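Asks: Dumping the structure here so I can ask a few things about it.
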C-alpha cells in the first residue's frame, strides 16, 4: 500500500491543490513559503499518531484566506492509497460496514479529514432562501470555529478540487443554495476509534534547524527515542549486576564525610534563621544516578569525533553539517526500528534535509535512502538531491499571490521526452525545476553577458527578478521547454536563440575566390538552419501561453553591436589581438556601421578567442550606458509572471540616476529633471501611478528600458 494522491482544499495556503505520488522515493520542490511544510502537516494529521489529536484542534487560521469569509466553508484533506493489501484492519477502514466494490475487496481507497460546520449550522445554512445574501451574512457573523467538527471518512471517489463537487458538499455561497442532506461524495464515515495511523509505520524527520538543541532536550532527542525503544525490550535480570553497582555507588557517595558535613551545616543554618518549629522534619543529600535499567539507558549521551578518531566530543562541538548528518542518521535508524513491527505500509517523510550538509554527501545520502516496502517523500531546495530524483516522482509547489499551486512536470509527456529531460537534469544539476521564471539559451556568450547586461542596465539581478538563466548548450530547446505547459509547470519560459540571417550577400558569382565561396556557403547554411529553427519553435510554442521565443536576427555578437555597442566591442580588441595593424583595422571595422563588415569582424574575434572567453572579456566593458538588445529585454520580462509596481519604480529610479551620472546621456538631462517633478507629484498624492507612467513614457521615448517598465 502506498500514498498515491493528496488533495487539499481550503487548507492554509492551498485553495485547491492536488499532489501525485508513486511507490518509492518522491520529491517536493518549492520556494520558501510555497507550502511544503503545510503539505507535510496535512499528511501527518491523518497518518502520524504523534499529532493525530491535532486533527480535532484545527482553527480558523488553518483556513485558506479567501476574499470572502471562511465561515461556512470546509477544509478538506484527502489521501488516496493504491495497492491496498488484504490486511483486515485496513480493509475495515476502507470497506466500512462490509461494503464490497464490484465483488472484490477494495484495492484503492481514500481517507479523508473534513473540517466542516456542525450539523446545526449546516441545517441553518440549508434553511436559507436562495439568493438571500443578507441572511447568509448575518449567519456567518454568528459562526465561530467552535461551531465546527472534524469528520473522518473513507471510500469516496470525489475530486474535491472540482468546484462542482465542492459545491455539492458545502453549498453554493454565491447563489446561497445549501444541501439539506449530506452528499454521498463525503464517503462513508469512519468511527473515531479506527485510524489508519495505528496500522502504518510513519516517521517524520523535521527540517534541520537547530539540531544541537534537540539533542539537549528530552522530547525531540532522537538518541533518547532510540534508547527508549530499546529499553522497552530490556531483560532486567540481565542488567541486575549493573543496577546493583549503581545503587551501591549512590550509597557510597551519600555517606562521604564532606557530604554529611554539608547536610549538617544546612540543617543548623535553617534552625538558626527560621527556628526549629519551621525547619524541615528531614533533610538528606542523595546521589541520584538512575538505578533502573531503562533509565540508565536513557541517560546515555552520544559523543562523536568529526576529524580525529582518537577524540570524541559532545554533539555541540560538531560542525552544523556534522550534527545534522548525525541527527538525520538517528532518525533513519528510528524509522528502521519502527518498521520492524508488522504494518500495512511504511512512510518516511523528510523535510529539507540538506541544511549545512556537503553537496557530495547530499547526493550520496539520498541515492542510498531506499528502504524496501517504504514510501519516502522529502522536500528540498537542493539541486544535488533533486538530481537523483525520478522526474515522474516530483511535485513542484509555486506561490501565486496568497495561494499556492502544485505541478507535476512529467504529466502527459512521452516516455522518450521524460527520459531525455531526466538525463539533462542529471547531467546539469539545473535550477530548471526551482525557478519562478526561466530563460533558455543556447550558448556561453548569452550565459555570461545577459546577467551582466541586466545588472548594469536595470540595477537588479536576474535572481532579484526571480528568473533563472539556463544554458542548454544546443538548439534542442523542446527537450527542456516541454515542461512549461498548462498541464505541467505553469511558469513562464522564454527561449532565446539566433535566426542566423546572413550579414552579407550569399549569392556566389563568377570570380569569387574559394575562401569567399566557402564563407557565403557557411552564411547560407546557417541562415537556412535558423529559419527552419524559427518554424519549428513557432509551431512548438503555438497556443502555449507559458512559452515565448525571442530571436537575435543574426547572432548574439552581431546584434550586440547592431544595438549600438560598438564602443564595448572595440574595448576588447587589445585583449584579443597582439599585432597593432590588426588592432587598428579591427577597431575601424567595428565602427564602420556596415553589418557585413562589423559582423564579420566580431565573429572573427569571438572565434579567435573562443566564444566563452570573448564574452568574459566583453563583460568587463559593460556599463549602465551599454544598450540591451530589445529581444533580450523582451525575453527577460516575458519570463516573469508579473512585476510589482514597487519593483518597476525601483528600476525606473535607477535608470534616472544613470542618466544623471553619465555624460553619455547628456541629451536626457532635461527629461530627468522633468521626471523628478513627476515623482514628487506622485509621492505627494497629486497624480496616480498610471499618470506617473504616462508622463515618464512621454519624457523618455527613446529608452527601451523605461518604455518597457511603463508598458508592462
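The values are calculated or read from the model by the stated rules, or taken from the named source; none is laboratory data. What you see is a predicted model, and the numbers here were worked out from it, not measured in a lab. So basically every Cβ, Gly included, is an ideal-geometry build from the backbone, and we count neighbours across all protein chains shown.
Asks: What are the residues in region 495-511 that are over 30 Å from residue 469 (Cβ atoms) and in contact with a helix residue (DSSP H, G or I) (Cβ under 7 Å, 6 or more places away or on another chain), if any? Can you show your working first?
Replies: Taking region 495-511 as the starting set, the residues that turn out to be over 30 Å from residue 469 (Cβ atoms) are 504-511.
Residues satisfying the conditions are 504, 506, 508.
Asks: Please find, among 203, 153, the residue that is in the same structural domain as residue 121 (by TED's automatic domain parsing) and on the phi < 0 side of the Ramachandran plot.
Replies: None of the other options fit; the residue is 153.
Asks: Right, another one. Determine if region 514-536 includes at least one residue that is assigned by TED's automatic domain parsing to the domain that holds residue 623 and part of a loop (DSSP other than H, G, I, E, B).
Replies: no
Asks: Kindly indicate which of 539, 544 is surrounded by fewer than 16 Cβ atoms within 10 Å (Cβ to Cβ), in a loop (DSSP other than H, G, I, E, B) and at pLDDT 95 or above. Before you say what the answer is, go through the steps one by one.
Replies: Details: 539 fails: in a loop (DSSP other than H, G, I, E, B).
Of 539, 544, the one residue that is surrounded by fewer than 16 Cβ atoms within 10 Å (Cβ to Cβ), in a loop (DSSP other than H, G, I, E, B) and at pLDDT 95 or above is 544.
Asks: While we're on this one: Quick one: in region 34-57, which of the residues that are more than 22 Å from residue 149 (Cβ to Cβ) and touching a strand residue (DSSP E or B) at 6+ places or on another chain (Cβ under 6 Å) is modelled with the highest pLDDT?
Replies: Looking at the filtered set, the residue picked out is 40.
Asks: I need the full set of residues from region 145-168 which are without any contact (Cβ under 8 Å) to a residue 40 or more places away in the chain, farther than 30 Å from residue 407 by Cβ and out of contact with any strand residue (DSSP E or B) (no Cβ under 8 Å at 6 or more places or on another chain), in order please.
Replies: Scanning region 145-168 gives a single hit, 146.
Asks: What's the total number of residues in region 58-79 that are crowded, with 17+ Cβ neighbours inside 10 Å and out of contact with any strand residue (DSSP E or B) (no Cβ under 7 Å at 6 or more places or on another chain)?
Replies: The number of residues fulfilling the criteria is 1.
Asks: If you go through region 443-457 one residue at a time, how many are under 24 Å from residue 641 (Cβ atoms) and in contact with a helix residue (DSSP H, G or I) (Cβ under 9 Å, 6 or more places away or on another chain)?
Replies: Total meeting the criteria: 7.
Asks: While we're here: Select from region 565-581 the residues that are surrounded by 14 or more Cβ atoms within 10 Å (Cβ to Cβ) and assigned to a helix (DSSP H, G or I) and list them in ascending order.
Replies: Within region 565-581, 566, 567, 568, 569, 570, 571, 573, 575, 576 meet the criteria.
Asks: Moving on. Residue by residue through region 106-143, note down the ones that are assigned to a loop (DSSP other than H, G, I, E, B) and modelled with pLDDT of 95 or more.
Replies: Listed by number, the residues that qualify are 118, 127, 128, 129, 130, 131, 132, 143.
Asks: Is it fair to say residue 423 is surrounded by fewer than 19 Cβ atoms within 10 Å (Cβ to Cβ), within 23 Å of residue 39 (Cβ to Cβ) and either within 21 Å of the chain's Cα centre (by Cα) or modelled with pLDDT under 95 (or both)?
Replies: Working: surrounded by fewer than 19 Cβ atoms within 10 Å (Cβ to Cβ): yes; within 23 Å of residue 39 (Cβ to Cβ): no; either within 21 Å of the chain's Cα centre (by Cα) or modelled with pLDDT under 95 (or both): yes.
No: the conditions fail for residue 423.
Asks: Let me ask something additional. Let me spell it out: the conditions are (1) over 28 Å from the mean Cα position of the chain (by Cα); (2) at pLDDT 80 or above; (3) under 30 Å from residue 82 (Cβ atoms); (4) assigned to a loop (DSSP other than H, G, I, E, B), and residue 152 meets all of them except one. Which number is the exception?
Replies: (4)
Asks: Does at least one position in region 38-53 carry a residue that is within 22 Å of residue 120 (Cβ to Cβ) and not in a loop (DSSP other than H, G, I, E, B)?
Replies: No, there is no match, as no residue in region 38-53 is within 22 Å of residue 120 (Cβ to Cβ) and not in a loop (DSSP other than H, G, I, E, B).
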